[in-house]
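Report on the following structure.
The values are calculated or read from the model by the stated rules, or taken from the named source; none is laboratory data. Predicted model only: the values in this text are computed from it and were never measured. Neighbour counts are summed over all protein chains in view; Cβ atoms, including those assigned to glycine, are modelled from backbone coordinates with ideal geometry.
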Amino acid sequence: MPLAREAVELLVQAARAWYFEGNRHGLRDREWMALRFLGRANRFSRTPSALAGFIGSTRATASQIVKTLESKSYLVRKPSQEDKRSVVLHVTAQGEKCLSQHDPINHVVNAVAALGNDGCVGLRDSLRDVLNHLDAAHQRLDASICRDCMFLAERGPATPKGRAGAEFMCRLYRAPISLEETELLCTSFERTRDRPKIEEHLDRARIASQG
Ligand code: SF4
């Protein structure tokens, strides 16, 4: 147990990078959290209500954060292609630049990257196991990626009429999902514990796309 406590205390120290008083580069920690989430969220989750769920705030607070990010030209609203009555939030090029240059978690990302590939995989898998335990205990998880989600299904080769590059289907939204989209965050995510086939397929496809 002392070892487990020591590990958690180190995790808490690392978390100080993203929880802070005041602001950094003009944004408070929750505004950074929102911009970071919207920069990595898929098309179903870039909505004001999904944002509110992710940052654990009311809709009114999330709307205020969206307005702040819009006023700094980091965010724009566009009508949803799936439902014209809804809006989808898009991080602008300026917002992406701000994230890549000034996001307070960049130091932590660089430190983790310095562990090397095996170290990163080990840390990711350990944290995933910890989240699995917490998920089982609390029956909730804010967001994660398609590749770990029970709604992801293989679709087969994309047709000329299909969405370009679509290789998977989301059975919840009944929508095609491209390989790139499987790496984006989704607030409708439901964890699955046993999908070795798709996991291997995604790893193969990802290595092929990088090579
Ligand atoms: S497969 Fe899961 S994570 Fe991916 S879009 Fe569908 S619900 Fe979201």
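Within region 54-61, does at least one residue satisfy the condition of being within 18 Å of the chain's Cα centre (by Cα) and under 21 Å from Val109 (Cβ atoms)? Give the steps one after another, and end with the answer.
If we filter region 54-61 for residues that are within 18 Å of the chain's Cα centre (by Cα), which is where we start, we get 54-57.
Still in the list and also under 21 Å from Val109 (Cβ atoms): 54-55.
Checking region 54-61: at least one residue is within 18 Å of the chain's Cα centre (by Cα) and under 21 Å from Val109 (Cβ atoms).
Taking Trp18 and the conditions (1) out of contact with any strand residue (DSSP E or B) (no Cβ under 6 Å at 6 or more places or on another chain); (2) at pLDDT 90 or above, which numbered condition does it fall short on, given that it satisfies the others?
Here Trp18 clears every test but (2).
If you scan region 142-175, which residues turn out to be modelled with pLDDT under 85 and within 11 Å of the ligand (Cβ to nearest atom)?
If the condition is that a residue be modelled with pLDDT under 85 and within 11 Å of the ligand (Cβ to nearest atom), then Ala143, Arg147, Asp148 are the ones that fit.
Looking at region 63-80 only, could you name the residues that are over 14 Å from Ser49 (Cα atoms) and touching a residue at least 12 places away in the same chain (Cβ under 8 Å)?
Thr68, Leu69, Lys72, Ser73, Tyr74, Leu75, Val76, Lys78, listed by residue number.
Name the helices (runs of 4 or more DSSP H) wholly inside region 1-120 in which the number of residues that are in contact with a helix residue (DSSP H, G or I) (Cβ under 8 Å, 6 or more places away or on another chain) and more than 26 Å from Cys170 (Cβ to Cβ) is 3 or more.
Working: elements: 2-15, 29-40, 48-55, 59-71, 93-102, 106-113.
Once the helices (runs of 4 or more DSSP H) in region 1-120 are filtered for at least 3 residues that are in contact with a helix residue (DSSP H, G or I) (Cβ under 8 Å, 6 or more places away or on another chain) and more than 26 Å from Cys170 (Cβ to Cβ), what remains is 59-71, 106-113.
Might you let me know whether region 55-77 holds any residue that is modelled with pLDDT under 95, surrounded by 15 or more Cβ atoms within 10 Å (Cβ to Cβ) and within 16 Å of the ligand (Cβ to nearest atom)?
The answer is no; no qualifying residue exists.
Which numbered condition trips up Glu96, out of (1) over 24 Å from Glu190 (Cβ atoms); (2) surrounded by 15 or more Cβ atoms within 10 Å (Cβ to Cβ); (3) within 18 Å of the chain's Cα centre (by Cα)?
(2)
Quick check, is Glu82 within 16 Å of the ligand (Cβ to nearest atom) and more than 21 Å from Asp142 (Cβ to Cβ)?
Yes: the conditions hold for Glu82.
State yes or no: is Val66 touching a Pro at 6+ places or on another chain (Cβ under 7 Å) and aliphatic (A, V, I, L, M)?
Yes; evaluated as a whole, the condition is true for this residue.
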